[in-house]
1. Please state the relative contact order of the chain as a whole percent: Cα pairs under 8 Å, 6+ residues apart?
2. So how do 74, 52 line up by other beta-carbon neighbours within 10 Å, fewest first?
3. Quick one: check the C-alpha center-to-center distance for region 140-189 versus region 1-62, whole angstrom.
4. Kindly express, to the nearest 10 degrees and within the range 0 to 90, the angle between helix 228-245's C-alpha long axis and the longest C-alpha principal axis of the chain.
5. With r as the distance between the Cβ atoms of residue 152 and residue 181 and R0 = 22 Å, compute the FRET efficiency 1/(1 + (r/R0)^6) and round to 0.05.
6. What's the exposure ranking of 69, 230, going from fewest to most Cβ atoms within 10 Å?
7. Looking at the chain only, what percent of DSSP beta bridges run antiparallel? Nearest 5 please.
8. Would you mind ranking 154, 206, 133 so that the residue whose beta carbon has the fewest other beta carbons within 10 Å leads the list?
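Read-outs throughout are calculated quantities, based only on the coordinates presented, and are distinct from any laboratory measurement. Keep in mind it's a predicted model, so treat the numbers as computed, not measured. Neighbour counts are summed over all protein chains in view; Cβ atoms, including those assigned to glycine, are modelled from backbone coordinates with ideal geometry.
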């Protein structure tokens, strides 16, 4: 018995990455709320007459329609998912960093509605003038939870003792939190861990501790794979320092 092409209509989604396909097409890597991450072929979207071309941009909520079975169905329509203001230019590299994390740490066709919501919330926060570092740290934390590497920020891994605000800890990726002295390498303040657990990071020390812990956890998950956006950010920072020094 033959089946017609499977069709999906107006699925909320974001474009994470795209590459040229044939003369005027693109292959889109998208994150959707109900269908997870998938590749879509989009024909005729690179020419000046294409109606969809202006829509198919990163960081814009879209309602995507596609048809076909298999690994790469065909995009048949795209509509705005709502009004979208521009992201601050200074945040664009960081937003591409979010995209790269999703691409490297999720599997195709594996729905993660909560991850989609976290991604959407991070972009909306930054679009509305929110602070960059807290938005990044909260997204990293939620991403790790969704890919099965949720962090236990409330108890020591060896003893099960509750994390205390005035104490210090080290994070070991394959183990979790272990008690530490304040002066030990990589020591993290209990107060910082509690703030990260509540997703309410504010002070410089809390943000620094959260960044170090989450970076260690993410590197463990990435298994040695390099993040291109980190290299770009370092290059931009080096150029900025060079300009200041002139």
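1. On the way: 397 pairs, mean separation 34.1, N = 246.
Relative contact order, the chain: 14 percent.
2. On the way: 74 15, 52 18.
So the residues, fewest neighbours to most, are 74, 52.
3. 40 Å
4. Rounded to the nearest ten degrees, it is 70.
5. Values: r = 21 Å, r/R0 = 0.95.
The pair residue 181/residue 152 has a calculated efficiency of 0.55.
6. Working: 69 10, 230 13.
Fewest to most other Cβ atoms nearby, the residues stand as 69, 230.
7. Numbers: 34 of 36 bridges.
Once the DSSP bridges in the chain are tallied, antiparallel ones form about 95 percent.
8. On the way: 154 11, 206 22, 133 16.
In order of increasing Cβ crowding within 10 Å: 154, 133, 206.
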